[in-house]
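One structure is given here, and the rest of the page talks about it.
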Amino acid sequence: MEAIDIIEEAIKHSPNSVTGFLQGQTLKYLLRIWHKDSSLEDVSKALWYLNRLAAAIKAHEIEGDNLVNATRSALFSSETK
């Protein structure tokens, strides 16, 4: 099975494109850890995307129905801190 197939299947039920993208990027870097030159760099990138995904999910839990706007708000506010 190819990494893209795993990612597409995993993000299929994401509530929106932002969280789907973040989950997909996290998976991409996790799936290639042992196949590229810098395993530590891939783990670091996966963690970066995973933290943004966690912020998006947390924003959704706080904001409720408007997930896209809550996600963008949480992501951009965390960049300015």
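The values are calculated or read from the model by the stated rules, or taken from the named source; none is laboratory data. What you see is a predicted model; the values in this text were computed from it and never measured. Virtual Cβ from ideal backbone geometry, glycine too; neighbours counted across all protein chains shown. When the accessible area is computed, the model is the full protein with side chains, heavy atoms only, and any ligands, DNA or RNA have been set aside. Shrake-Rupley method; radii C 1.70, N 1.55, O 1.52, S 1.80 Å.
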(message) I'd like the accessible area for GLU41, computed on protein heavy atoms only with a 1.4 Å probe and all protein chains in place. Round to 10 Å², please.
(response) 90
(request) At 1.4 Å probe size, with no ligands or nucleic acids counted, give the accessible surface of LEU47 in Å², nearest ten. (result) 90
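How much net charge surrounds LEU50 when only other residues with a Cβ under 13 Å from its Cβ are counted (Lys, Arg +1; Asp, Glu -1)? Numbers along the way, then the final one.
Working: positive: LYS28, LYS45, ARG52, LYS58; negative: ASP42.
Counting the neighbours of LEU50, the net charge comes to +3.
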